[in-house]
Amino acid sequence: NNKLADEWDFIALQEPPVDRLGNTKANHRWRMVYPTHKLTKGAKPRAVMFVNTKISTNCWEQIDFPLANVVIICTRTTEGTCTIVNVYNNCKHDRTLEELERSL
């Protein structure tokens, strides 16, 4: 959506719609960021982030995390750094939050 890209730099999405290959869609104004272990674990991603293409890839990086329910991005600006964490938390247990707490 062009209006979203005009107004937002990052979008954190949980339970994204995925195709039969496990991918979700983004247009040319967004970079899709999947959990770092999406491809190696084969699990359907429960959390993804969109990064606006107007933000240089030199200004942000994805932080590795071992679970497919978490996407972490660290941004750098003239004001400092900001870490954005998108967590899909299963309501039946707290394992993702426990792992995140141990890692941070």
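The values are calculated or read from the model by the stated rules, or taken from the named source; none is laboratory data. Bear in mind the structure is a predicted one, so any value in this text is a computation, not a measurement. Ideal geometry is used to build each Cβ from the backbone, glycine not excepted, and the neighbour counts take in all protein chains shown.
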Can you pull out every residue in segment 36-86 that is at pLDDT 95 or above and on the phi > 0 side of the Ramachandran plot? G80
By residue number, the members of segment 7-26 that are without any contact (Cβ under 8 Å) to a residue 24 or more places away in the chain and in contact with a strand residue (DSSP E or B) (Cβ under 9 Å, 6 or more places away or on another chain) are N23, K25
Say whether the condition of being closer than 29 Å to K3 by Cα, out of contact with any helix residue (DSSP H, G or I) (no Cβ under 6 Å at 6 or more places or on another chain) and loosely packed, with under 14 Cβ neighbours inside 10 Å is met by at least one residue in segment 44-55. yes
Any residue at all in segment 26-39 that's small (G, A, S), farther than 25 Å from L97 by Cβ and either assigned to a strand (DSSP E or B) or under 14 Å from the mean Cα position of the chain (by Cα) (or both)? yes
Name every residue in segment 76-104 that is touching a helix residue (DSSP H, G or I) at 6+ places or on another chain (Cβ under 9 Å) and buried (at least 17 other Cβ atoms within 10 Å of the Cβ), in order of residue number. V87, Y88
